[in-house]
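Below is one structure, written out as structure tokens; comments come after it.
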Amino acid sequence: MRRFAVPGFVLALAGLVPAPPSATEPVLPAVRPWTARWISVPDAPPTEYGVYHFRRRFQLGAVPATFVVHVTADNRYELFANGKRVATGPARGDLFHWRYETVDLAPFLRAGENVVAAVVWNIGSETPEAQVTNVTGFLLQGDRPPEKDADTGAGWKCLRDEAYEMLPLNRDEIRHQYYVAGPGDKVTAARYPWGWETPEFDDSAWKPPVVGPPASSRDAFDAPSRWMLVPRSIPAMEEHPERLDRVRRASGVTVPAAFPRAPAPLTVPARTSARLLLDQGYLTTAYPELVVSGGKGGSVGLKYAENLWVPGTGDKGHRDQIEGKEMRGLRDLLVADGGARRLFRPLWWRTYRYVELSVDTADEPLTVEDLRGVFTGYPFTRRARFDAAEPELDRILDVGWRTARLCAHETYMDCPYYEQLQYVGDTRIQALVSYYASGDDRLARNAIEQIDDSRTSEGLTMSRFPTRLQQYIPPFSLWWVGMVHDYWRYRDDPAFVRARLPGVRTVLSFFAARQRASGSLGPMPWWNFLDWTDAWPSGSPPGWNFVRDWAASTSNRIDPRDPSGASAPIDLQLLLAYDEAADLEDDVGSKATAAEYRQAAARLRDEVERLYWDEGRQLFADTPAKKNFSQHANVLAILAGMVDGDPARALMGRVLSEPDLVPCSIYFRHYVHAALNRTGEGDRLLDQLGPWRRMLALGLTTWAEKEDPSRSECHAWGASPNFELLRTVLGVDSAAPGFRRVRIRPFLGRLARVSGSVPHPKGEVAVSLRRDGEALEADVRLPEGIEGEILWRGARAAVGPGQSKVRLTPP
């Protein structure tokens, strides 16, 4: 397999393969000085929709050992060398941190004439919300003098591709659900410059480009353009072949038995309409690749859906069942030109379980030579193991891992079909799953930095980033503090944590300025989302509510049920953030600042008890009026240390048993499970997986945004069992910053035995547990230089590096 280097990762010709993750992995310095200039196509509108091709011919006397170039574009690009696709990008960022990729082209070059080519596109008005943009442009620079012939400038040629049109999603089809992930592609093959990326292509009619400003790095003096360039910090996305599983229904054509599991041509006669419903068997994110021959003037459409729908409703039913259901969703369209083996691949990947292939022929028959997929996603490797001899738990973990993978690309994503946005609330859980399931922390570091980059003068981070539309959810900034704390606990990288402290301090200063003299928060601006639960239509808990009138407008108002505006869940999130920030400051920052945070936390803790504790119900209320109660407030109270020991266990019992509490959704059950662990009630965890069992029973292959009725079929906040089964049931947890000490405190519940392993910054923590009556027999292996302890129902034993066998008997 031929490979070429990129900062922090390796690209391979036969796929995209990450280098081993490392918290201290070196990153190439910013390229200085930049000699290349941004280029664009003459007369092309700079901010409107368009697809463009760029080419550069150059001569080599011999194939060099290396030929390194740095490349980027706005919105996006694919780079080719002598007809071979070698890179895609840029990794998503913002204008103040515009990523570029570094690629060694040497494996694709030859003696004599060579061609470097790129396709660049700007989606214009339908640009995905997560795609920040300035104007259309392309940039490539050789790393050293021998490579400078490749620099973008007047020596390049360019063409606007008139074959492309965008196909925006019909919002009526998805019942006007929130969708901001970009349009489909329509390609008219007769207008397409087939072979444009190859050396043999005749580009004599192409124009020279418009030469724009020189490139500049982020730290440049008086930057001449708005793109402030920084190296890409994450590996290239994984790509591997992935075939559809079966045809579920067909009309207008005879389908070969092998199709679609293998290439098997199917021919649609002239003046015929054919429809095939294809089933991947599970949800995926992939580039569909359609190969067609003949059929001039006919059209071939692809429509993509996570699930099928009952007509006229939002009902989905069992996801495997297709009878009486319809397709809704994004589509692509190829208008055939009669050529042989024309390959259509959309500019951006698609999310689908079901694909509708539609063929409408004109005066010629059309042959579909093949329809296949190329899976894409962040190149996580699943390293964790969990074996309890329980097939249902295996399925929960497998589906959770698929969900986590489909929601991880150049950033974490809330969902791959509808939004593709990196929200802080989702991302915190996704990062924990990454630490425990993979041990690869690079995407999490990228997320923590990007969210830090989004902070504005008020002190808050945005609720999601990168994003073109500013959105603020103040509690999400507190979850970001929690993300930094999680990283501090589980990844041994104090320098990275220290660099985040200015952001942590700024976030907390925003909230401190809005605390009353007593300590509780006053009215909060923007959208104070906590959880999607039916009792809170906007997702905001009682108190200072964000009220959304879906038919008219949005506004903030005081909840008339409690005019104080105080909200226990938000006060408790602030309390958690003060405690977490104090930990960070104590270890890698300022002891004085840590003391200030602990003092602020103590004052707020007293006020929370005074305002919200209801002595009669023995619960924390949502507001001082004590008329509304939720699982959320009480779970957060447990996690914030408002109660400990037996009172905390009793409160946890009421959280699970009181029928009138507003329940936590799939998302917030992560915090329910964390509270079970904290209170020592982890033996209840396996009984709390009802939502996941119900989704399995409905045939879901990824975890939904919420239980039906739900919009998205794939939300990685639902993958929290992939963290908690390892942390609570297997019992592996960090007992010191950087995971420098390990605590094993298992809660087996009904299980008689369990074994597994968790990635660790120094290697792996492996555990095998077996109950023997009331005793526990444990076989533990810790990485070199790491010590820890194992606890079981009041018994404790120290374990050292390497292998340890322990028997613990409760006192």
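Here are some notes:
- Scanning the stretch 246-275 for residues being assigned to a loop (DSSP other than H, G, I, E, B), more than 16 Å from G301 (Cα to Cα) and charged (D, E, K, R) gives a total of 1.
- Looking across the stretch 609-651, the residues that are assigned to a helix (DSSP H, G or I) and farther than 14 Å from G680 by Cα come down to E609, R610, L611, Y612, Q631, H632, A633, N634, L636, A637.
- Residue within the stretch 471-480 that is over 21 Å from D579 (Cα atoms), buried (at least 24 other Cβ atoms within 10 Å of the Cβ) and touching a Gly at 6+ places or on another chain (Cβ under 9 Å) present: no
- Whenever a residue of the stretch 451-462 is open to solvent by 10 Å² or more (accessible area, probe 1.4 Å), its partners that are in a helix (DSSP H, G or I), lying with C-beta atoms within less than 7 angstrom and at least six residues away or across chains, give the pairs D452/R500; D452/G503; R455/G503; R455/T506; E458/F510.
- Exactly one residue out of R489, R500 is within 16 Å of D583 (Cα to Cα) and touching a Leu at 6+ places or on another chain (Cβ under 9 Å), and it is R500.
- Restricting the stretch 210-230 to residues that are among the aliphatic types (A, V, I, L, M) and touching a residue at least 60 places away in the same chain (Cβ under 8 Å), the residue that is surrounded by the fewest Cβ atoms within 10 Å (Cβ to Cβ): V211
- Count - residues of the stretch 441-466 that are in contact with a Ser or Thr (Cβ under 6 Å, 6 or more places away or on another chain) and of a type outside the set (S, T, Y): 9
- Pairs, first without any contact (Cβ under 8 Å) to a residue 24 or more places away in the chain in the stretch 306-325, second aromatic (F, W, Y), C-beta under 9 Å, six or more apart: K325/W309
- Verdict on A592 being farther than 23 Å from V672 by Cα, crowded, with 17+ Cβ neighbours inside 10 Å and at pLDDT 95 or above: no
- Conditions (1) under 28 Å from L686 (Cα atoms); (2) assigned to a helix (DSSP H, G or I): number failed by D440: (2)
- One residue stands out among those in the stretch 167-209 that are at positive phi and surrounded by fewer than 16 Cβ atoms within 10 Å (Cβ to Cβ): the one that is modelled with the highest pLDDT, which is G195.
The values are calculated or read from the model by the stated rules, or taken from the named source; none is laboratory data. For clarity, every value in this text was computed on a predicted model and none was experimentally measured. Because the Cβ atoms are built from the backbone with ideal geometry, glycine has one as well, and the counts that use them run over all protein chains shown. Protein only, heavy atoms only, side chains kept; ligands, DNA and RNA dropped before computing areas. Shrake-Rupley method; radii C 1.70, N 1.55, O 1.52, S 1.80 Å.
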